[in-house]
């Protein structure tokens, strides 16, 4: 494996130029810059809201200084409330090239587009000069998410990812699993895996928070496709999703933007704190992926039964397909056929395939979604309190 | 092992010895004869890959176990081999939803 060394000591497995819109009104101009740059290494990210939000600012800071990002162009309309100067200062302090274009000052769409294309061209030329350095597994952070789960997910793809997680952690990587709303019913088992009883209690409380939140929303994290694929209840889906975590002890409970301080297994709490205010915790799978990336994930293992096609901006997404019929139908989108476990393949064999693929993709091989140009991104309003002292016991 | 070999694998999967449901390893047609707990059993209705069947007759309010863990309670009694899904199993946490707006209750 090799990576791009950043000033904070972290290494990136990609060297992306991020173009970030700071309000929906700057989205189109930013998209044009990305499209006309003609490069797959220029990624579009952004925040659509005009009202300020501490979470969104912190997330954008983490994303723009993610190790896979080499340089950032910020695009503002001009009148939105986003604290663009604070974001620009943070990126600058991280040692990355950063530029800010304000559409109202640049003279509108065309002038901003042309200026943006110049900036991106210069940034790409600068990044091209950067030579990668060797990178080891103990410098890698891997996140996992499931989407479009069905009755096969918990039998094939999820436990296979769990095996891969166990081996990554044996090699001193950090691994993150998430969506406490999809772990409802597993809280006691998870708590028993925590490295301290106090952390175990925090885990139980955070799943309780998720259950309350979803109850108020009126829906659990359970989509129509889940039931069409044979899943009946949220706790059934949870038990399947939970197996992605493997069997390592749980070293910590983190929130979006918290970076694992060392190797081990971490649970990411994605459900906002306080009274439900801005709607569903994560409106779609990519919202979870973006949060895993904000926690430093270099790449994402995405398990799917029904068949998701999404990728992500910033970090490559590896698709592990749980259902052998789905794999046959959508093989162009799938990196791993874990469904063959139902046809007699061993869990360890598929886990090993994922483990090997993680290292190859980290070394530069493109994943299927990456090669197809999937660079989905979504960031919405949320609010969080900082984690408590019991959440990272060894820190 | 090739997909053809998989046809020789038992079509019903018991995930944990404590479970009172089994999972279809592949689509199984109505009338197909399969093995359930060592006995030959006639599948009463077509069942799709990933769906659940009752391992034995289950009374209403029975806790359903999958992976050895509770995944909800029966809201109606079912016979052995019957499809266990939204129409007869409910969450003990939050109701499930389906596309036509029917919930799991």
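Every read-out reported here was derived from the displayed coordinates using simple, explicitly stated rules and does not represent laboratory data. All of these numbers come straight from a predicted model, not from anything done at the bench. For neighbour counting, all protein chains shown are included, and Cβ atoms are generated from backbone atoms with ideal geometry for every residue, glycine included.
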Over chain A: helical MRE at 222 nm, DSSP H runs n ≥ 4 each giving -39500 (n - 2.57), nearest 500: -11000 deg cm²/dmol
Theoretical gain in end-to-end length, residue A:275 to residue A:201 [0.36 nm per residue, Cα-Cα removed]: 24.5 nm
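On average over all directions, what projected area in square nanometres does segment A:86-142 have, based on the convex hull of its Cα atoms?
Values: hull surface 24.1 nm².
In nm², the orientation-averaged hull projection of segment A:86-142 is 6.0.
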Relative contact order of chain A, pairs being alpha-carbon contacts under 8 Å that are 6 or more residues apart, as %: 21
Range of Cα positions in the protein assembly as shown per principal axis (Å), largest first: 75, 48, 45
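By counting other Cβ atoms within 10 Å of each Cβ, how are A:54, B:66 ranked from fewest to most? Intermediate values should be presented prior to the final figure.
On the way: A:54 11, B:66 28.
With the fewest neighbours first, A:54, B:66 line up as A:54, B:66.
How crowded by other chains is A:184-196, given as the mean number of beta carbons from other chains within 10 Å of each beta carbon?
Values: counts 4, 8, 1, 0, 1, 1, 0, 0, 0, 0, 0, 0, 0.
Mean shielding count: 1.
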Approximate spin-label separation residue A:262-residue A:105, in nm, with each point projected 7 Å along Cα-to-Cβ: 4.5
Spin-label model distance (nm) - residue A:122 vs residue B:61, 7 Å beyond Cα toward Cβ: 7.5
Global form of segment A:40-117, assessed from the alpha-carbon gyration tensor, a/c cut-off 1.5: oblate
Centroid-to-centroid separation of segment A:40-60 and segment A:326-378 [C-alpha atoms, Å]: 28
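So if we plug the beta-carbon distance of residue A:7 and residue A:331 into 1/(1 + (r/R0)^6) with R0 = 45 Å, what FRET efficiency do we get, rounded to 0.05?
Values: r = 41 Å, r/R0 = 0.91.
Using R0 = 45 Å, I get an efficiency of 0.65.
Any idea what the relative contact order of segment A:258-320 is, in percent, if you count C-alpha pairs under 8 Å spaced at least 6 apart? It would help to have the intermediate numbers written out before the result.
Details: 50 pairs, mean separation 18.8, N = 63.
Contact order relative to length: 30 percent.
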Residue order, fewest to most surrounding Cβ atoms within 10 angstrom, among A:284, A:227, A:245: A:284, A:227, A:245
Relative contact order %, segment A:183-238, counting alpha carbon pairs below 8 Å whose residues are six or more apart: 39
Segment A:1-58: C-alpha gyration tensor shape, a/c 1.5 cut-off, then a/b vs b/c: oblate
Fully extended contour minus Cα-Cα distance, from residue A:36 to residue A:86, at 0.36 nm per residue: 15.2 nm
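Stretched out fully, how many nm does the piece from residue A:28 to residue A:170 gain, at 0.36 nm a residue minus the Cα gap? Before the final figure, lay out each step's value.
Values: separation 142, 0.36 × 142 = 51.12 nm, distance 4.47 nm.
Answer, rounded to one decimal: 46.7 nm.
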Pair residue A:54, residue A:348: separation of 7 Å Cα→Cβ label points (nm): 4.9
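From other protein chains only, count the Cβ atoms within 10 Å of every residue's Cβ in A:225-231, then give the mean. Intermediate values should be presented prior to the final figure.
Details: counts 2, 3, 9, 5, 4, 11, 8.
Across A:225-231, the average partner-chain Cβ count within 10 Å equals 6.
Counting other beta carbons within 10 Å of each residue's own, what order do A:146, A:79, A:391, A:321 fall into, fewest first? Could the numbers behind the result be given before it?
Details: A:146 29, A:79 11, A:391 22, A:321 32.
Going from sparsest to densest Cβ surroundings: A:79, A:391, A:146, A:321.
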Inter-centroid distance (Cα atoms) of segment A:61-108 relative to segment B:11-34, Å: 55
